[in-house]
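The values are calculated or read from the model by the stated rules, or taken from the named source; none is laboratory data. Quick caveat, the model's predicted, so the values are computed rather than measured. Cβ coordinates were reconstructed from backbone atoms using ideal geometry, including for glycine residues, and neighbour counts include every protein chain displayed. Heads up: the accessible areas ignore ligands, DNA and RNA and are worked out on the full protein's heavy atoms, side chains in. Shrake-Rupley method; radii C 1.70, N 1.55, O 1.52, S 1.80 Å.
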Amino acid sequence: MTPFQISGLRRWYDIFKANQYLVELRLIDPTTSKTYSGYFKNVDTIIKALEPYEHCNQYFVLNRINEDLYNRQQRDKFICKPKETTSDKDIEGYDWIMVDIDVERPSGITSTEEELNYAKKKANEVYAYLRDANFEQPVVCCSGSGIHVMYKVGLANNEDNRTLVKNFLRALGMLFSD
């Protein structure tokens, strides 16, 4: 892993997990389609565990998860096709709301440069609208096929807040989807 990648991982863990919270990382091996899962509480352990999997696509559970999940078989390591991974009932709270902006295309096909530029344009429109509504600065990431605009929040995982998040995303969809 390059120093730049290590620095990026450290920054990611600081921003999204405040250098302390449990995170589940999931990996997809593009050559074999095998999936892996690991639970981690320490960025140095993450960096070491990722070394053999640098070629894999990586993603993480965005929101706060039940700390008891750290006791699963994939504690501080990656397990191929584990029996259990994080489910909706394991989410303790919403730390982030992600606005996922993609163009429509068949699954498994990445966007063209033109499609990605269009997603960026839409992300800027969403950002400007929410900025003007006094939302804080988001974290913006390129997924490779689209744009993720993520807003820091602090919501418990309960029915009212699940409905609030769903309605918020639905309203944005009504305003910006085309």
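Residues are listed down the side, and each one gets a yes or a no for (1) under 13 Å from Leu62 (Cβ atoms); (2) at pLDDT below 95; (3) open to solvent by less than 60 Å² (accessible area, probe 1.4 Å):
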| position | (1), (2), (3) |
| --- | --- |
| Gln5 | no, yes, no |
| Leu9 | no, yes, yes |
| Leu25 | yes, no, yes |
| Ser37 | no, no, yes |
| Phe40 | no, no, yes |
| Val43 | no, no, yes |
Worksheet entry | Filtered residues of region 144-177 (kept if without any contact (Cβ under 8 Å) to a residue 40 or more places away in the chain and either assigned to a helix (DSSP H, G or I) or among the acidic types (Asp, Glu) (or both)) | Glu159, Asp160, Arg162, Thr163, Leu164, Lys166, Asn167, Arg170, Ala171, Gly173, Met174
Item to complete: Specify the residue that is nearest to the chain's Cα centre (by Cα); the eligible residues are those in region 50-80 that are among the aliphatic types (A, V, I, L, M) and open to solvent by less than 20 Å² (accessible area, probe 1.4 Å).
Response: Ile65
Discussion item. Filter region 61-80 down to the residues that are modelled with pLDDT of 95 or more, out of contact with any Phe, Trp or Tyr (no Cβ under 7 Å at 6 or more places or on another chain) and part of a loop (DSSP other than H, G, I, E, B) and list them by number.
Written reply: Asn66, Gln73, Lys77
Worksheet item: Only one of (1) open to solvent by less than 40 Å² (accessible area, probe 1.4 Å); (2) assigned to a loop (DSSP other than H, G, I, E, B); (3) closer than 26 Å to Lys17 by Cβ is not met by Leu130, so which one is it?
Response: (2)
Discussion item. I'd like to know if region 50-59 contains one or more residues that are outside any loop (DSSP other than H, G, I, E, B), aromatic (Phe, Trp, Tyr), at pLDDT below 95 and out of contact with any Lys or Arg (no Cβ under 9 Å at 6 or more places or on another chain).
Written reply: no
Fill in: Selection from region 89-104 of residues that are of a type in the set (Asp, Glu) and touching a residue at least 12 places away in the same chain (Cβ under 8 Å)
Asp90, Glu92, Asp95, Asp100, Asp102
Response to the item:
The residue from Glu115, Glu92, Glu159 that alone is within 18 Å of the chain's Cα centre (by Cα) and open to solvent by 40 Å² or more (accessible area, probe 1.4 Å) is Glu92
Discussion item. Condition first: part of a loop (DSSP other than H, G, I, E, B) and open to solvent by 70 Å² or more (accessible area, probe 1.4 Å). Now tell me which residues in region 95-104 satisfy that.
Written reply: Glu104
Practice prompt. Check off (1) open to solvent by less than 90 Å² (accessible area, probe 1.4 Å); (2) free of Cβ contacts under 8 Å to residues at least 60 places away in the same chain; (3) within 20 Å of the chain's Cα centre (by Cα) for Ser107 and give me the number that stays unchecked.
Written response: (1)
